[in-house]
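Novice: Pasting in a structure now, in structure tokens, and then I'll have a few things to ask.
Each value in this text was obtained by applying a stated rule to the coordinates, not by laboratory testing. Just so we're clear, the structure is a prediction, and the values are computed from it rather than from any experiment. Positions of Cβ are generated from backbone atoms using ideal geometry, with glycine treated the same way; all protein chains shown enter the neighbour counts.
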Amino acid sequence: MTKLEIDVVSDVVCPWCFLGKRKLDAAMKQVPNFDYEVRWRPFQLDPTIPPEGKSRHEYMSAKFGPEKIAAIHARLEEAGREDGVPFAFDKITISPNTLDAHRLIRWAQGSGKQSWIVDRLFSLYFCEGADIGDRAVLLKVAEDAGLDAELFARLYAEGVDIGPVREEISTAARMGVSGVPFFIFNGKYAVSGAQPVEALVGVIWKAGSEAE
């Protein structure tokens, strides 16, 4: 089978990235003709959030205005129903800094579990209200994925890969990525936003056929 590489720039506190992942999963299922390699690349919607996070209610109110939050959530909940994502915004109490989550995702690359971990982090945050800036939560995700949580605990403590993750985020910005999700197919075709499944299917066929 022809190999098709897909790089996805996203942040695990981006609801549209969660929807984008579900749409990409559906698109790949519709086109089983290729050998997919999906790589998840880091992006931070707000790197200024402190490591301990912020109150989500206060953060969202300051960012969007309290009168707009209900409408934003309603729109996302409707979109989520179309893609099988049961958003539960009322459960979220913390807006976390996602740097440590991206470090975990980076360490999972090559394990075959990276996409599973990304999906689990999305679900934990948006459906269960978990604080995915908490290293204990992240290490439990690693353990549930069958990875070496003890090793990752040491990597966290030693500050491993903080610089490389930040540099990857900077590289995305230099490439012109200003919003996520951002999909890159075989390093050639780029698609921005949580596009409809049929749009992703079209790009998959185009990129895949040129790779054959």
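Novice: Using the Cα centre of region 2-211 as the reference point, and only Cβ charges (+1 on K/R, -1 on D/E), how large is the resulting charge dipole? Debye, rounded to the nearest 20.
Specialist: Charge dipole, region 2-211, about its Cα centre: 380 debye, nearest 20.
Novice: Let me ask something additional. For the peptides 72-85, 118-131, what is the packing order when you average, over each peptide's residues, the other Cβ atoms within 10 Å and list the highest mean first?
Specialist: Put in order of decreasing packing, that is 118-131, 72-85.
Novice: Here's another thing I want to ask about it. May I ask which residue of G53, A157, L24 lies farthest towards the positive end of the charge dipole of the chain, with charges of +1 (Lys, Arg) and -1 (Asp, Glu) on Cβ and the Cα centre as origin?
Specialist: L24
Novice: Just grab the label-to-label distance for K3 and S192, each label 7 Å out from Cα along the Cβ direction, in nm (one decimal).
Specialist: 2.9 nm
Novice: Right, another one. Which value, in debye to the nearest 20, gives the size of the charge dipole of region 28-80 about its Cα centre, when Lys and Arg are +1 and Asp and Glu are -1 at the Cβ?
Specialist: The dipole of region 28-80 has a size of about 80 debye.
Novice: Going by how many other beta carbons lie within 10 Å of each one, how would you line up F152, F18, F183, fewest first?
Specialist: Ranking F152, F18, F183 by Cβ neighbours within 10 Å, fewest first, gives F152, F183, F18.
Novice: Tell me the mean residue ellipticity at 222 nm calculated for the chain from its helices only (DSSP H runs of n ≥ 4, each -39500 (n - 2.57), averaged over every residue, nearest 500).
Specialist: -17000 deg cm²/dmol
Novice: With the contact rule set at Cα under 8 Å and sequence spacing of 6 or more, what percent relative contact order holds for region 68-162?
Specialist: That works out to 29 percent.
Novice: In whole Å, how far is the Cα centre of region 37-51 from that of region 184-212?
Specialist: Using only Cα atoms to place each centre, the spacing works out to 22 Å.
Novice: Starting from the amide H of I94, placed 1.01 Å from N in the peptide plane, find each other amide H under 5 Å away whose residue is 5 or more places distant or on another chain.
Specialist: R56
Novice: Which of Q30, Q114, Q195 ends up with the largest GNM mean-square fluctuation for the chain, with Cα atoms connected below 10 Å?
Specialist: Q30
Novice: Here's another thing I want to ask about it. Rg to Rh for region 45-154: what is it, with Cα atoms only and Rh by Kirkwood?
Specialist: Radius of gyration over Kirkwood radius for region 45-154 works out to 1.00.
Novice: Which residues' amide hydrogens lie under 5 Å from the amide hydrogen of E5, considering only partners 5 or more residues apart or on another chain, with H built in the peptide plane?
Specialist: E37, N186
Novice: Computed FRET efficiency, Cβ-Cβ of A62 and S170, R0 35 Å: what is it to the nearest 0.05?
Specialist: Plugging the Cβ-Cβ distance into 1/(1 + (r/R0)^6) gives 0.85.
Novice: Among [x] 50, 35, 31; [y] 49, 42, 33; [z] 52, 50, 26, find the value of Cα extents along the principal axes in Å that was calculated from the structure presented, and write down its label.
Specialist: Structure-derived value, by its label: [y].
Novice: Mean separation of Cα pairs under 8 Å and 6+ residues apart, divided by the residue count of the chain: what relative contact order is that in percent?
Specialist: Taking the mean separation of contacting Cα pairs over the length of the chain, I get 34 percent.
Novice: Using the Karplus curve 6.51 cos²θ - 1.76 cosθ + 1.60 with θ = phi - 60°, work out ³J(HN,Hα) for each residue of region 97-114 in order, rounded to whole Hz, and write x for Gly and Pro.
Specialist: 7, 9, 4, 5, 5, 5, 4, 4, 4, 4, 5, 7, 4, x, 8, x, 10, 4
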